[in-house]
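Trainee: The structure that follows is given in the form of structure tokens.
Since every read-out is calculated from the coordinates, none of them should be taken as a lab result. Values in this document were obtained by computation on a predicted structure and should not be read as measured data. With ideal geometry, Cβ positions are generated from the backbone for all residues, glycine too; neighbour counts draw on all protein chains shown.
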Amino acid sequence: MNVTESDESLVRAFAGGDADAFLPLYRRHAPLLYGFVTRMVGLPAADDVLQEAWLRAARFLPRFEWRSSLRTWLCGIAANCAREHLRRKGRLDAEVASDGGEIATVWYDAVADQVDLERSIARLSPRYREVLLLHDVLEMTHAEIASALGIDEGTSKSNLSRARAAVRETLANRRRNDE
């Protein structure tokens, strides 16, 4: 199997019974999905959520209709699995708890800023967090996000705006407290 094959040819091969076609798809999309899921549910739950997303994707891949890109479709499945996990844990509308433990002394401002940013993103509601991550980290368009999450483009835009505002406010508060 040629690793540089398109998603479409790999999906067709997999749907036609070529189980070996799944591995290149997995290798191509798993890192992106893992980063997204980790930011949605935290560690160590991300591994289980990602596994469930891939199991669902494998089950429904033969019926994928290409109304969106494969990446968009996979992100939608991963988002649904993350939401289900948060619902089961009773955290769908709650903040994602931090990993716990103290962060070691940070020597570089850039590292401190990154930690603050990650924490402020983790504190967003899951809906705001998923739109922010899909748009700003995975560089999906609002149309792709709407398709992946089953929402309107306008909802995607307003959720992104609110998420960014909440992150800015959290970071500004943090800086004021440091002064």
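Trainee: Using the Cβ atoms and a cut-off under 12 Å, what net charge is assigned to the surroundings of residue 61, where Lys and Arg are +1 and Asp and Glu are -1?
Mentor: Local charge sum for residue 61: 0.
Trainee: Relative contact order for segment 7-178: what percent, with Cα pairs under 8 Å and sequence separation of 6 or more?
Mentor: 21 percent.
Trainee: Counting Lys and Arg as +1 and Asp and Glu as -1, each charge on the Cβ, what is the dipole of segment 7-178 about the Cα centre in debye, to the nearest 20?
Mentor: The dipole magnitude comes to about 440 debye.
Trainee: How far apart, in nm, are the 7 Å Cα→Cβ label points at residue 43 and residue 6?
Mentor: With each label point 7 Å from Cα toward Cβ, the separation is 3.8 nm.
Trainee: For segment 1-94, what relative contact order do you get, as a whole percent, if you take Cα pairs closer than 8 Å and at least 6 residues apart?
Mentor: 29
Trainee: Along Cα→Cβ, 7 Å out, is where each label goes; now give me the distance between the ones at residue 122 and residue 89 in nm to one decimal.
Mentor: Distance between label points: 1.0 nm.
Trainee: Further question on the same structure: Mind giving me the nanometre distance, one decimal, between the label points for residue 141 and residue 162, set 7 Å out from Cα along Cα→Cβ?
Mentor: 2.5
Trainee: I need the Debye-formula profile for segment 7-178: one equal scatterer per C-alpha, no solvent, reported as log10 I(q)/I(0) at q = 0.13 1/Å, two decimals.
Mentor: -0.68
Trainee: Which of the listed residues, 35, 55, 70, is farthest toward the dipole's positive end in segment 26-81, when Lys, Arg count +1 and Asp, Glu count -1 at the beta-carbon?
Mentor: 70
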